[in-house]
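Reviewing the structure listed below.
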Amino acid sequence: VKGEKRQSPGFIVLGMHRSGTSMLSGLLVKGFGYETGGPLIGASFDNEKGFYERIDVVLQNDEFFGAQNMGWSYNVINYDSEKALHDKSTGRVTFKEGTKALKFLNNHLKTLPYLQKDPRMCIALPTWLKLLDDKPAIVFTYRHPLEVAMSLKHREQNFTIEHGLRLWIIYNMRAVQNSAKLCRVYSTNDAVFSSPMDELQRIKNELTDKCHVMPPPVARVSQSVVDSFVDPKLQHNSKERKKEEEKLGVLKDFGDNCVAREFESEYEKGSSNREAETSMFLMAMEIYCDLESGKAYRKDYKWPDILHWQRPARIS
């Protein structure tokens, strides 16, 4: 019909590692019938319900990254989208895996809307946008920076809180910057935990009505799907932890009821490592508070110059 907005075939979930993107994607796939295709990365000890990530997309992003001397956890700030496309055209990057992914993502005969998710997409999105036939919509989600950093430290060997916070800044900054011209639906890990049914319904409705994503086969998410993903024990623990946190001292008040609180560190007070860690935490918290208020989504938002940030001293 002339003048009618063309439907988008699907959307990409953007969010930093350990930020609840797997749970959110699982709820959207199982709850509404959005399609991921496959094969998918299997469940693991740190993600028992699965990742909802296509193996081909993850492997392709790793290849793009490797050709630029980086990986998901290091040098990501330096990713060059044009270089990645050049590496693909010259054969430096094979794009064997990417070809498989595009067969699914660019399939015009599909009747189900796709959901594509890989945290590396926060970084690599501009490369894929040049390869997709249709603009995808975006579901962007984030989680408190300290929770993410602590989760990474727990999962990865030799990961410091400071490094996790730095990655949190880069991934969230790039996710917002790289998706600025696309139709976005915003969520948070807290919102999904606090009120899963309402939050999921809102996300699905906005994808369909605001972003014109092809409607999924299921109109309303069921309580049984929510219960299979959202553990009430974790919800309770999250509430209890927040209560405990409120007893901690305030490092900085960013206004709008958003504060950075003191946290347990493995470094001594006054040490350069502690100073660097706190400085990175406050930088991340300022962005977190600006995401909470919506300020970080403005076109003129000033992101920190993390590339040239001077660390107080080397890690000793």
Inset, instruction - Sequence neighbours fewer than 8 away in the same chain don't count; with that in mind, list the aspartates and glutamates whose C-alpha is under 15 Å from Lys153. - result: Asp46, Glu162, Glu264, Glu266, Glu277
Inset, instruction - For every other residue with a beta carbon closer than 12 angstrom to the beta carbon of Glu147, add +1 if it is Lys or Arg and -1 if Asp or Glu, then tell me the sum. - result: +3
Legend entry - Nearest 10 degrees, 0 to 90: helix 81-90 Cα axis against the chain principal axis: 50 degrees
Inset, instruction - Using only Cα atoms, tell me the angle between helix 55-67 and the longest principal axis of the chain; keep it within 0 to 90° and round to the nearest 10. - result: 60 degrees
Inset, instruction - Using a 1.4 Å probe over the heavy atoms of the protein chains, calculate the carbon and sulfur portion of the accessible area of the chain as a whole percent. - result: 50 percent
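Compute the Cα gyration tensor for the stretch 181-233, then decide on rounded, prolate or oblate, letting a ≥ b ≥ c be the square roots of its eigenvalues: rounded whenever a/c is under 1.5, prolate when a/b is larger than b/c in the other cases, and oblate in all that remain.
Oblate is the answer for the stretch 181-233, as a/c is 1.5 or above yet b/c matches or exceeds a/b.
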Legend entry - the chain: angle of helix 272-293 to the longest principal axis, Cα-based, in degrees nearest 10: 50 degrees
Inset, instruction - Using packing as a proxy for protection, rank 49-58, 78-87, 254-263 so that the peptide with the highest average count of other Cβ atoms within 10 Å comes first. - result: 49-58, 78-87, 254-263
Inset, instruction - Please give the per residue accessible area of the chain, computed with a probe of 1.4 Å over protein heavy atoms only, in Å². - result: 50 Å²
Legend entry - Disulfide-incompatible cysteines by the Cβ rule (no partner under 4.7 Å) in the chain: Cys122
Inset, instruction - Please list the non-local residues whose amide H lies under 5 Å from the amide H of Gln116, H modeled 1.01 Å from N, same-chain partners needing a gap of 5 or more. - result: Phe11, Ile12, Val13
Inset, instruction - Show which aspartates and glutamates lie in cross-link reach of Lys83 when reach means a straight Cα distance below 15 angstrom and same-chain residues fewer than eight apart are skipped. - result: Asp62, Glu63
Inset, instruction - Classify the stretch 1-97 as rounded, prolate or oblate, taking a ≥ b ≥ c as the square roots of the eigenvalues of its Cα gyration tensor: rounded when a/c is under 1.5, otherwise prolate if a/b is larger than b/c and oblate if not. - result: oblate
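The values are calculated or read from the model by the stated rules, or taken from the named source; none is laboratory data. Since we're looking at a predicted model, the values are computed, not measured. Cβ coordinates were reconstructed from backbone atoms using ideal geometry, including for glycine residues, and neighbour counts include every protein chain displayed. Surface areas here come from the heavy atoms of the whole protein model, side chains and all, with no ligands, DNA or RNA. Shrake-Rupley method; radii C 1.70, N 1.55, O 1.52, S 1.80 Å.
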